[in-house]
There are 2 protein chains.
Amino acid sequence: MKFVIDTLGGDKGALEIIEGIKLFHQEFPDVELIAVGKIDELEAIKEIANIIEAKEVMPMDAGVMEAMRMKDSSMSVAIDTLIKEKADGIISSGSTGAFLSLATLKIKKIPGVIRPALITSFPTIIDGKNVVLLDVGASVENTKEELVQFAKMGALYDRAVFGIKEPKIYLASNGSEEHKGSSVGKEAYQILKEDKNFVGNMEARDVLKGHADVVVFDGYSGNIFLKGSEGMAKMMSQLMKDAFKKNIITKVGYLFAKSGINELKNKMDYKKVGGALLIGVNAVVIKAHGNSDGPAFYSAMKVGYNLMRKQVVEEIKKGFSLNE
Amino acid sequence: MKFVIDTLGGDKGALEIIEGIKLFHQEFPDVELIAVGKIDELEAIKEIANIIEAKEVMPMDAGVMEAMRMKDSSMSVAIDTLIKEKADGIISSGSTGAFLSLATLKIKKIPGVIRPALITSFPTIIDGKNVVLLDVGASVENTKEELVQFAKMGALYDRAVFGIKEPKIYLASNGSEEHKGSSVGKEAYQILKEDKNFVGNMEARDVLKGHADVVVFDGYSGNIFLKGSEGMAKMMSQLMKDAFKKNIITKVGYLFAKSGINELKNKMDYKKVGGALLIGVNAVVIKAHGNSDGPAFYSAMKVGYNLMRKQVVEEIKKGFSLNE
């Protein structure tokens, strides 16, 4: 298994990424790592990874044209390396827009896929049960055909990753009734209802209740949902901290409640989710959070490792070669 | 001050609504209440409210045509009563779609307003600081002109309700850069940037951080944001409860931490927010949560009372008569 890592472009600098690589290597010493970035920074991991030099950093706000032009950026070099070395996966915490565009253009879409999507899984209120969400931000506006394909890719992902044979698929909407939804959502509904795994529309407040296996969003509202939920989770965590810090009595309360609270923290820590997959291209392309620290980047690498091991790309290829 | 209440159509039945009315009357005995619904149910409050009979319930999934046809529904009768009695406000926990359409058609838009919006305020991580959000679901798709007006109405609301003279206005987007956003969002940005109170785009994860006074959404993504955030808050609260219930030690922890936790609960209880205002029509039109119980309905009535007292409708009228 070959895994290419872009070590530049994250908000916290390459040292955190390198820290993540070290953590990953400790746990998975058999994975062949190829790290792209500044030679002096990569010195520290030359024993555990192949090192490839790239001096330029893709700017966070790079558009597609700028991304294409910056051929010496670590991001471009990493993608070229993936192709040349026939690696299985790649990860970057750099500019989302640039990374997703370059990956789509260069690594290419799986035959039959109209548009790749960012897919991630999220914990739900039911213990051990995740919900798969896509598109959480690869596109802004989508056609009905794209939404229908997102449902299909979500189901294939859910089968490959979580072993759920007949995933319950929902379309995110502003109401649960059939007549609710954006104009493109309503059109997609009419096609999706022929699919035996499609259940119907789902309001955003029900997504984390654990009834749905896959929830399909257009890229814009999926991004709003994902980031809005993250923001709320962060606020609640902060308020919880404040609640325990209120006075000496509540501090004592924390000491007693600690074991339960730590479980909650573990479940809700987005750093444990770490990265989203660009589904629909010919490799495991992982977008890690821009502000990933070492442990977060390590978690995102683990997400990528798991998806390579579960052969998600092959499963999508198979699924799309059968019916289209 | 006259306040009309539709007592039918909520998920939990009229008795909860009546309970809410009683709580409200205890606190605000001077407000003239007009309750519309079934006579036998309203018997219990005939000493504190004027009673108007209506036997039919507007169905939760009523479309505009059905809503218009059901002239004997408590919702229609309540709206007609508001107009006839020149009441200041109206509240319903019935079908959102039907209520907002009927209210817009019958109570009429304020001159200059293209499209009314659902507006609400949300607690943020900064203590005592709220953020005003609109549209959270009155429309599905919006034009750039509508988004620009939402910004204006949000600012007028923020001034009237929270006394913030120069509210910081943001446009919700999938990125903070100027080039991010839906196609209509990008067009609205170009107009909004002429407004001295407009700061720029805001990602959904930053909305609750307390930097923004007003965040403008199109109705569809605003609905996804609001309900998604509610869903996450609910899940976190549930997980917190579970964390304390884990074992005898964590239960003891809860007893000690209780005072802090209750503060958190109070802040995050959406029932304390209770209702959203349909801004842009000629009355205070409050949509209460469909599943409101007595205390939640009481809170929603308080939201309405506060908006009448702060003369939000008059302020919007003034704002729109000056510049348009």
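Values in this text are rule-based calculations from the coordinates and carry no lab data. This structure is a prediction, so every number in the text was calculated from the model and none was measured. Note that we place each Cβ from the backbone using ideal geometry, even for glycine, and neighbour counts take in every protein chain shown.
Okay, here's what the table says:
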item: Label 7 Å beyond Cα on the Cβ vector: residue B:247 copy-to-copy distances, nm; result: 2.9
item: Shape box of segment A:83-174 [Cα atoms, principal axes, largest first, Å]; result: 41, 29, 25
item: Chain A, dipole about Cα centre (Lys/Arg Cβ +1, Asp/Glu Cβ -1), debye to the nearest 20; result: 720 debye
item: Relative pair counts by distance (%), Cα atoms of chain B, 10 Å bins; result: 6, 26, 32, 23, 11, 2, 0
item: Neighbouring partner chain Cβ atoms per residue of A:201-212, average, 10 Å criterion; result: 4
item: Alpha carbon centroid spacing (whole Å) that separates segment A:239-301 from segment A:179-198; result: 34 Å
item: For A:182-189, mean number of other protein chain Cβ atoms within 10 Å; result: 2
item: Under the Debye formula (equal points on every Cα, no solvent term), log10 I(q)/I(0) of segment A:127-195 at q = 0.11 Å⁻¹; result: -0.27
item: Residue-averaged beta-carbon neighbours from other chains (10 angstrom radius) around B:139-151; result: 1
item: 29 Å Cα-Cα threshold exceeded, pairs from A:241/B:310; A:152/B:246; B:84/B:310; result: A:241/B:310; A:152/B:246
item: Highest-fluctuation residue, B:99, B:256, B:162 considered, GNM on chain B with Cα pairs under 10 Å; result: B:256
item: Inter-probe distance in nm under a simple model that places probes 7 Å from Cα toward Cβ, at residue B:40 and residue B:322; result: 5.4 nm
item: Rg to Rh quotient for segment B:196-281, alpha carbon positions, Kirkwood Rh; result: 1.09
item: Pseudo-label separations to other copies for residue A:109 - Cα-to-Cβ vector, 7 Å, nm; result: 3.8
item: Euclidean distance between Cα centres, segment A:93-116 to segment B:147-177, Å; result: 35 Å
item: Those aspartates and glutamates that a straight Cα-Cα span of less than 15 Å connects to residue A:267, excepting residues fewer than 8 apart in one chain; result: A:127, A:230, B:242
item: Using a 7 Å Cα-to-Cβ projection, residue A:290 label spacings across copies, nm, ascending; result: 3.7
item: Centroid-to-centroid separation of segment A:11-47 and segment B:1-76 [C-alpha atoms, Å]; result: 65 Å
item: For chain B: relative contact order, % (alpha-carbon pairs under 8 angstrom, 6 or more apart); result: 23 percent
item: Virtual spin-label span in nm between residue A:65 and residue A:252, 7 Å along Cα→Cβ; result: 6.7 nm
item: Chain B - mean residue ellipticity at 222 nm from DSSP helices (-39,500 (n - 2.57) per run, n ≥ 4, rounded to 500); result: -15500 deg cm²/dmol
item: Spin-label zone in segment B:277-307 - amide nitrogen under 20 Å from a point set 7 Å from the Cα of residue B:195 along the C-beta vector; result: B:277-282
item: Helix runs (DSSP H) in chain A reaching 18 Å along axis by Cα, Kyte-Doolittle at least -0.5; result: A:14-27, A:144-162, A:219-245, A:248-268, A:294-309
item: Sequence-distant aspartates and glutamates (8 or more away, or on other chains) whose Cα lies within less than 19 Å of residue B:144; result: A:141, B:135, B:177, B:178, B:187, B:194, B:195, B:203, B:218, B:324
item: Relative contact order of segment A:130-208, pairs being alpha-carbon contacts under 8 Å that are 6 or more residues apart, as %; result: 31 percent
item: Rg(Cα) / (2.2 N^0.38 Å) computed for the protein assembly as shown, rounded to two decimals; result: 1.02
